[in-house]
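Chemist: Please find one structure pasted underneath; my questions will follow.
The values are calculated or read from the model by the stated rules, or taken from the named source; none is laboratory data. Note that the coordinates shown come from a computational prediction; the quantities given were computed from them, not determined experimentally. A quick note on method: Cβ atoms are made from the backbone with ideal geometry, for glycine too, and the neighbour counts reach across all protein chains shown. Side chains are part of the model used for accessible areas, which takes the heavy atoms of the whole protein and leaves out ligands, DNA and RNA. Shrake-Rupley method; radii C 1.70, N 1.55, O 1.52, S 1.80 Å.
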Amino acid sequence: ENEDDKSSSKQESTDNLSTINEEIFNILISYYDFIPILMGFVGLFPKIIIDNEIRTIFEKEGKLIAEDEINKSGKKIDSLKKISPIISRFYILGLISQYDSFIYRVSKIIIEKKPNIVFNKETSVSYSELEKHDSVSDIRNIIVEKELERVLRSSHKEQIDWFSNSLDVKLQPE
């Protein structure tokens, strides 16, 4: 590999890491800015629905509304009150999903740049798996994907250890 290739390869990696870093930063800022606003709306939803239901009840040609219609409205309101706290959990799940995406993408770049992380290990592929694929490149990709999945499914501490060992840097205090 000549110097231009090394420089180009290093630049591609930097661009990818920079892009990933910028994307995750923007997502985190969006969550930080938007969640308080949205959670404020979630708190207003029951009031908005109550107001809407009451307006609907009284706008029906000024006739007395059956008790079962009023009960249906009450059930909607109760359901909304129950779901409101759950909505905040969706945002936490969204953040976790973004974290997982970040870990996956960064891990993939590391493996692309340092394939010995995966291929210096004792790796086995079943004969049936070998038969399904036409090239060594396909098998190689499967092995990389399995490693990425393993990293992604490991605990946060194990992920930090994996990054530390893969990059040969100390990421945690002793």
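Chemist: Can you find a residue in the range 113-126 that is among the aliphatic types (A, V, I, L, M), farther than 19 Å from ILE103 by Cβ and without any contact (Cβ under 8 Å) to a residue 60 or more places away in the chain?
Modeler: For the range 113-126, residues among the aliphatic types (A, V, I, L, M), farther than 19 Å from ILE103 by Cβ and without any contact (Cβ under 8 Å) to a residue 60 or more places away in the chain: present.
Chemist: Assess whether ILE54 counts as being more than 30 Å from SER18 (Cα to Cα), at pLDDT below 70 and either in a helix (DSSP H, G or I) or open to solvent by less than 70 Å² (accessible area, probe 1.4 Å) (or both).
Modeler: Answer is yes for this residue.
Chemist: Next up: Does SER88 qualify as being within 22 Å of the chain's Cα centre (by Cα), surrounded by 15 or more Cβ atoms within 10 Å (Cβ to Cβ) and touching a residue at least 24 places away in the same chain (Cβ under 8 Å)?
Modeler: When the stated conditions are applied, SER88 does not pass them.
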